[in-house]
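I have placed the structure first, in the form of structure tokens, so that the comments after it can refer back to it.
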Amino acid sequence: MTISSFTMEHSFLSNFYPCLIEFDGDIYPTLEHAYQAAKTHDPDERRKIREEERTGKAKQMGQRVTIREDWEQIKVKVMRELLKKKFENPQLRKLLLDTYPHDLIEGNNWRDTFWGVYKGQGKNMLGILLMQVRTELRGEGW
């Protein structure tokens, strides 16, 4: 079986799911907030993202920040580390572990073919990283 949507009973897999995430000494309300803030070194831009109540707006703000020079080289590593932090939460960890052995595919309708899959096309990097974290949590290594 495949979990192909991070909504409803699988909404905890979404980066928009409410959970406190520490990044560079600051606490963010969702993984999405932390990820968008990680795109910049500017503390004021990070603060504005952190304080934004709406996750969708925080994501939009991340598209307008001063992007750090190494972002394309580190963005997957940053996402992996943030996912590890998210699933340190015992309740979320159990939910993720309970998805085993299903494939996790971040199906979407916003045309994201890097982190997810749109109309059958995409790299599904978020799904791959979630399955890697799940494997690590199961004690099986990478």
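Coordinate-derived values only; no laboratory data. Fair warning: this is a prediction, and the values are worked out from it, not measured in the lab. Cβ coordinates were reconstructed from backbone atoms using ideal geometry, including for glycine residues, and neighbour counts include every protein chain displayed.
Going from the fewest other Cβ atoms within 10 Å to the most, the residues F6, F12 appear in the order F12, F6. Highest average first, the peptides 105-113, 37-45, 61-69 ordered by how many other beta carbon atoms sit within 10 Å of their residues are 37-45, 105-113, 61-69. Please report the base-10 log of the normalised intensity I(q)/I(0) for the chain, using a Debye sum with one equal scatterer per alpha carbon and no solvent, at each q in 0.13, 0.15, 0.20 (1/Å). For the chain at q = 0.13, 0.15, 0.20 Å⁻¹, log10 I(q)/I(0) is -0.55, -0.74, -1.30.
Charged neighbours of M61, selected by a Cβ distance under 9 Å, balance to +2 (K, R count +1; D, E count -1). Structure note, pairs K59/K85; K57/K84; K39/K85; K59/K86; K39/K84: Cα-Cα distances above 22 angstrom occur for K57/K84.
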